[in-house]
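First comes the structure, then the notes that go with it.
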Amino acid sequence: MTDTVTVKTLLKMKAENRKISAITAYDYPFAGIADAAGVHIILVGDSVGMAVAGDSTTLGVTMDQMIYHTRIVANATKHAMVIGDMPFLSYQVCLEAAIANAGRFLKEGNAAAVKLEGGAAVSDTIRALTSVGIPVQAHIGLTPQSVHQMGGYRVQRDEDRLMADAKEVEAAGAFSVVLEGIPADISEKITATLNIPTIGIGAGPACDGQILVLHDALGITDRHVPKFVKQYVNLGEAATGAIETYVREVSEGVFPSKKHCY
Ligand code: KIV
């Protein structure tokens, strides 16, 4: 990929029926790898709290942490669109705070857009952000910041509500919407109804694009991997093997050898 991916690129890809690939990243090395591999969107997800920090939910992630991770991802990214994920309570309290926090992702994090969770309930927030020039990706269905209200990470099956949420976020000005944990037939109907691209995670193949959490896709996780994840490589196993070899070579005096000495 040569050009930088923008909101316009993504809308054109939907219109031309070309699939969009998205992945999360939280740091410079992996963002560079994902960007060079040709991914269209790099989401600096608040999943950083679980994938990197080892928390059991995303709720503890702060604005300062998100800005730090977004900036180091943006430093490595030449082509993909970098989207910063707004953490819990950074956009729900009032519109002024939502604008100020979203603005930080663009000003300090060098992101091109923000993502926030919720459907009809956040449509005023989406309007407020887009009215000041901040592109917004919405996120409906299984919304991890509402884990306690949902009673766990559960597939969402209320078709009328999901369709209404999808239409609301589009009408409010979102340029794209993540569909998470939604039966494939409902995602297909939403994707056919909307003009903006749908990006699915656990939402079936009909979505305009797909997103995975990087650490799940690369096998760097010690937690339960959900059914919808495809693990493309087991980097965790490879890294463990490499470090075991290092430990053995140090204890046997094999490393460092002559070629590693000054
Ligand atoms: O935080 C995140 O990584 C996300 C994606 C899974 C969509 O919200």
Rounded to a whole %, the carbon-and-sulfur portion of the accessible area of the range 107-204 at a 1.4 Å probe is 47 percent
One checks the Cα atoms of the chain and finds Rg and Dmax, in Å, of 19.5, 69
With Cα coordinates, the longest principal axis of the chain makes an angle with the long axis of helix 235-252, in degrees rounded to 10, of 20 degrees
Calculated from DSSP helices alone, with each H run of at least 4 adding -39500 (n - 2.57) and the total divided by the residues of the chain, [θ]222 nm to the nearest 500 comes to -12000 deg cm²/dmol
Between Asp185 and Cys94, the two model label points (7 Å from Cα along the beta-carbon direction) sit apart by a distance in nm of 4.6 nm
Quick calc: nm separation of the 7 Å Cα→Cβ label points for Thr130 and Val225 -> 3.7 nm
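So for the range 7-231: antiparallel DSSP bridges make up what percent, rounded to the nearest 5? Spell out each step's value before the answer.
On the way: 1 of 30 bridges.
Close to 5 percent.
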FRET efficiency (His260, Asn75; Cβ distance; R0 25 Å; to 0.05) is 0.25
When the charge dipole of the chain is computed with +1 on Lys and Arg Cβ and -1 on Asp and Glu Cβ about the Cα centre, the Cα farthest towards its positive end, among Ala100, Leu194, Gly181, belongs to Leu194
Given Cβ charges of +1 for Lys and Arg and -1 for Asp and Glu, the option among Ala53, Cys207, Val225 whose Cα lies farthest towards the positive end of the dipole of the chain is Cys207
The alpha-carbon center of the range 138-184 and that of the range 108-129 are separated, in whole Å, by 14 Å
Scoring the chain by relative contact order with C-alpha pairs under 8 Å, at least six apart, yields a percentage of 15 percent
Whole-Å distance linking the alpha carbon centroid of the range 204-231 with that of the range 66-87 is 20 Å
Measuring from its Cα centre, the chain shows a charge dipole (+1 at each Lys and Arg Cβ, -1 at each Asp and Glu Cβ) which, in debye to the nearest 20, is 540 debye
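Pull out the extension gain between Lys167 and Asn234, defined as 0.36 nm times the separation in residues minus the alpha carbon to alpha carbon distance; nm, one decimal.
On the way: separation 67, 0.36 × 67 = 24.12 nm, distance 3.86 nm.
Going from the current span to full extension adds 20.3 nm.
Solvent-accessible area per residue for the chain at a 1.4 Å probe radius, Å²?
50 Å²
The values are calculated or read from the model by the stated rules, or taken from the named source; none is laboratory data. All values derive from a computational prediction rather than experimental measurement. When we count neighbours, we look across all protein chains shown, and the Cβ atoms used for this are built from the backbone with ideal geometry, even at glycine. When the accessible area is computed, the model is the full protein with side chains, heavy atoms only, and any ligands, DNA or RNA have been set aside. Shrake-Rupley method; radii C 1.70, N 1.55, O 1.52, S 1.80 Å.
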